[in-house]
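> Dropping a structure here in structure tokens format, bear with me for questions.
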Amino acid sequence: MVKDVLVFQSDAFSLEPPLSERGIRYDLPLGDDIAACLKERLESMGVVWKLHDPVREDYGAVLMLDREKDVFTITTTWQGGNSWALVFSQLRGCFGWFLNRKPKAQAQQAIEEIKALVNEVVLADAERFQNPSWIADDDFPGVAQNFVIPDR
């Protein structure tokens, strides 16, 4: 059953915090290789979404997908050890985020479509995406909430 957030374990993706464009090491693994893998797999499926290159954020990597004027995101975030989470949402802008606007029904359908596509990718590659489990938003501690910043 597909819920809100996909959590999984993997030894196939880098746990090394990457270097920023300025040569500064991030505090945690970002999962940009996971986002790149998802992009590649979704493109090979011939999805109707325009997929952008992953963007690095302090809390993980964001893969943006758009169709017409709507933009959606898959945020990859490290949860400690070899555990990762994929969080799905619609890009709502600053005011939408500040006011905590929920997606409209049509947008929610698009999010469900994206989740189903990602679920298909994950289930087809059990070697890379181990022990996948869908959990409710209420059961998810948050983006990069469980990690411990590694010592340097």
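The values are calculated or read from the model by the stated rules, or taken from the named source; none is laboratory data. Predicted model only: the values in this text are computed from it and were never measured. Note that we place each Cβ from the backbone using ideal geometry, even for glycine, and neighbour counts take in every protein chain shown.
> Looking at the range 41-50, which of its residues are outside any loop (DSSP other than H, G, I, E, B), out of contact with any strand residue (DSSP E or B) (no Cβ under 9 Å at 6 or more places or on another chain) and touching a residue at least 40 places away in the same chain (Cβ under 8 Å)?
Residue satisfying the conditions is Arg41 alone.
> Exactly one condition in (1) touching a strand residue (DSSP E or B) at 6+ places or on another chain (Cβ under 6 Å); (2) surrounded by fewer than 17 Cβ atoms within 10 Å (Cβ to Cβ); (3) modelled with pLDDT under 95 is not met by Ile135; state its number.
(3)
> May I ask you to list the residues in the range 13-40 that are touching a residue at least 40 places away in the same chain (Cβ under 8 Å) and loosely packed, with under 14 Cβ neighbours inside 10 Å?
Arg25
> Scan the range 78-99 and give yes if some residue there is at pLDDT 95 or above, hydroxyl-bearing (Ser, Thr, Tyr), under 22 Å from Ser14 (Cβ atoms) and out of contact with any helix residue (DSSP H, G or I) (no Cβ under 7 Å at 6 or more places or on another chain), otherwise no.
Yes, that holds for at least one residue.
> Quick one: count up the residues across the range 51-75 that are over 19 Å from Pro17 (Cβ atoms) and not in a strand (DSSP E or B).
4
> Okay, next question. When only residues in the range 41-70 that are of a type in the set (A, V, I, L, M) and over 14 Å from the mean Cα position of the chain (by Cα) count, which is surrounded by the most Cβ atoms within 10 Å (Cβ to Cβ)?
Val47
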